[in-house]
Amino acid sequence: MALGLVKQIKQAIEQLNPAEVREEADRDVIVRLTASCPEAYAEIEDFLVPASITPARRSEVLDCVFRAEDEGAPKSGDIEIHEHGLQKPKGAFAFNPDKPRRMVEEILEAKPELSLALARMFRAFHGPVTSQIIYSVSKENALFCIATALPDIAPGFAIPWAIPQAMSDTAVLSVNQIRMAFLLAAASGRPLGYTEQKTEVAGIIASAFGLRAIARELVGKIPLGGGVIPKAGIAFAATYAEGRSLERLYRVGYGFTAEERRDAYDDALDRGKQLARTLYEKLKQGRPGIDKE
């Protein structure tokens, strides 16, 4: 049985291409700033690229940030940021020093295709992007558990990569966690790929057996499909705890201890069950907006 699960995960892994994630994250984002004075320019630059990072890294990132008044500055950028209070063209974003996170949220909502590159380059985007990655993949795994248990309610549901036929839920959830590891490494500017992340991939595969055992116990104790919500909650919590640990690993060099991982799992379990109930009801009622829940 264990060998069968490993073979399924190996088969599913072949559908994931870390090179695509690497390419998306490694692009340079050109940012063009417009402000009224040197002090206002410096304030925006310090928010995007704080002095707390190494001078070499700060200089490297600032090579992609241009002041509109500088000689040789591009006439447009991937992102246009204007000082709060100045008139700005359509598609540009305002930097308000009293509410700087609002600009980050607006940019990520308008430019999702740049999220990995922005997180890699700019400290202000790293936390919001990695948090969104962890939550989104955790939610996908919860929704997958519900959709596969209730196929008549959610016909044709699929997570964002090709699933080989006859793939067990546990294998799918585990490979989606591996995909999350690629995304988090990319957002953190860390090496990514099966060789570069072999320790993390091995840990996710090893934890799959514990996840499968819990799910089977639920099915045995709660008959007639009553274990769908708890199972989906467990999928959310296990993925969320894994993501939190990986995020810290790539940010500071070490992940969660066993106790910290248990605490993160326990903290996320109730949230996961509540989300599962909401998704389940939305699916039953055929309501839109599941992706935004």
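The values are calculated or read from the model by the stated rules, or taken from the named source; none is laboratory data. Please read these numbers as outputs of a predicted model, since none were measured by experiment. No Cβ is skipped: glycine too gets one built from the backbone with ideal geometry, and neighbour counts run over all protein chains shown.
Residues of the range 191-244 that are surrounded by 20 or more Cβ atoms within 10 Å (Cβ to Cβ), at pLDDT 85 or above and more than 20 Å from residue 275 (Cβ to Cβ): 192, 197, 200, 201, 204. Selection of the range 170-190 for residues being of a type in the set (Gly, Ala, Ser) and modelled with pLDDT of 90 or more yields 181, 185, 186, 187, 188, 189. Within the range 16-37, residues that are loosely packed, with under 13 Cβ neighbours inside 10 Å sit with their Cβ atoms under 7 Å from residues that are in a loop (DSSP other than H, G, I, E, B) and not β-branched (Val, Ile, Thr), at 6+ positions apart or across chains, in these pairs: 36/86.
Selection of the range 65-97 for residues being under 9 Å from residue 31 (Cα atoms), among the small types (Gly, Ala, Ser) and surrounded by 15 or more Cβ atoms within 10 Å (Cβ to Cβ) yields only 77.
Residue-wise test of (1) in contact (Cβ under 8 Å) with a residue 24 or more places away in the chain; (2) within 25 Å of the chain's Cα centre (by Cα).
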{"position": "44", "(1), (2)": "yes, no"}
{"position": "63", "(1), (2)": "no, no"}
{"position": "113", "(1), (2)": "yes, yes"}
{"position": "121", "(1), (2)": "yes, yes"}
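Which residues, counting only those in the range 255-265, are of a type outside the set (D, E, K, R) and surrounded by 10 or more Cβ atoms within 10 Å (Cβ to Cβ)? Across the range 255-265, the qualifying residues are 255, 256, 257, 264, 265. Listed by position, the helices (runs of 4 or more DSSP H) inside the range 75-169 whose residues that are at pLDDT below 90 number at least 1 are 123-149.
Only a single criterion out of (1) more than 17 Å from residue 181 (Cβ to Cβ); (2) at pLDDT 95 or above; (3) not polar (S, T, N, Q) is not satisfied by residue 247, namely (1). Evaluation of residue 102 against the conditions (1) under 22 Å from the mean Cα position of the chain (by Cα); (2) within 22 Å of residue 120 (Cα to Cα); (3) touching a residue at least 12 places away in the same chain (Cβ under 8 Å) shows that the sole unmet condition is (3).
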